[in-house]
Amino acid sequence: MNCYYHPDTPAIGLCKYCQRGLCSDCTAHAGDSLACRNLHEGQVHSMEALFQRNILQAKRVGSDYLRNTIFYGSVGILFTAFGASQLKWLGLQAAVYLLIGLALLWAALANYLESRKYQ
Ligand SMILES: [Zn+2]
Ligand SMILES: [Zn+2]
């Protein structure tokens with residue numbers, strides 16, 4: 001591939017904004033990325049900033065889901081175990097505990113699946 005602005009010069013990279021090939025004369029460094037010199041430096045800089053912010057936000061949200069998973073999971077196991085062990089003696093009341101426990105485990109699973117999207 002050759003430089004978009006100099007069709008006879010081999011490109012050394014791509015502008016992150018417009019994806020055009022750039023030779024060393026046309027390349028500007030914007031953060032970790034390359035940009036068209038004097039043309040897309042600003043755009044690539046703001047793209048980089050946006051991207052960094054998204055990573056930080058995803059991490060925070062992902063760990064929230066993981067914390068919910070642990071909370072719902074442990075409470076759900078308690079309810080389910082209690083309901084199952086008392087089912088013979090308490091009947092319907094124990095069945096309600098069992099159902100609450102299963103609902104909490106279901107919520108834990110949903111949170112777990114959600115948290116995996118952010119890894
Ligand atoms: Zn060039
Ligand atoms: Zn460009």
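For residue 2, the residues whose modelled amide H falls within less than 5 Å of its own, excluding neighbours fewer than 5 places apart on the same chain, are 11.
Under the Kirkwood approximation for Rh and a Cα-based Rg, what ratio Rg/Rh is obtained for the chain? Mind showing how you got there, number by number?
Working: Rg = 27.1 Å, Rh = 18.3 Å.
Ratio value, two decimals: 1.48.
With a simple spin-label model that places each label point 7 Å from the Cα along the Cα-to-Cβ direction, the separation between residue 29 and residue 103 comes to 5.8 nm. Along the axis of the charge dipole computed for the chain (Cβ charges of +1 for Lys and Arg, -1 for Asp and Glu, origin at the Cα centre), the listed residues 89, 57, 12 are led at the positive end by 89. Each Lys and Arg Cβ is given +1 and each Asp and Glu Cβ -1; about its Cα centre, the stretch 32-104 then shows a dipole of about 240 debye. Taking the charge dipole of the chain about its Cα centre, with +1 at Lys and Arg Cβ atoms and -1 at Asp and Glu Cβ atoms, the residue from 98, 118, 45 reaching farthest to the positive side is 98.
How much net charge surrounds residue 42 when only other residues with a Cβ under 14 Å from its Cβ are counted (Lys, Arg +1; Asp, Glu -1)? If you can, show how the numbers build up before the last one.
Values: positive: 16, 37; negative: 41, 48.
Around residue 42, the surrounding residues sum to 0.
For the chain, the longest principal axis of the alpha carbon atoms and the long axis of helix 92-116 meet at an angle near 10°.
Quick note: the coordinates plus some simple rules give every number you see, no bench work behind them. Given the structure is predicted, the values throughout are model-derived calculations rather than measurements. Note that we place each Cβ from the backbone using ideal geometry, even for glycine, and neighbour counts take in every protein chain shown.
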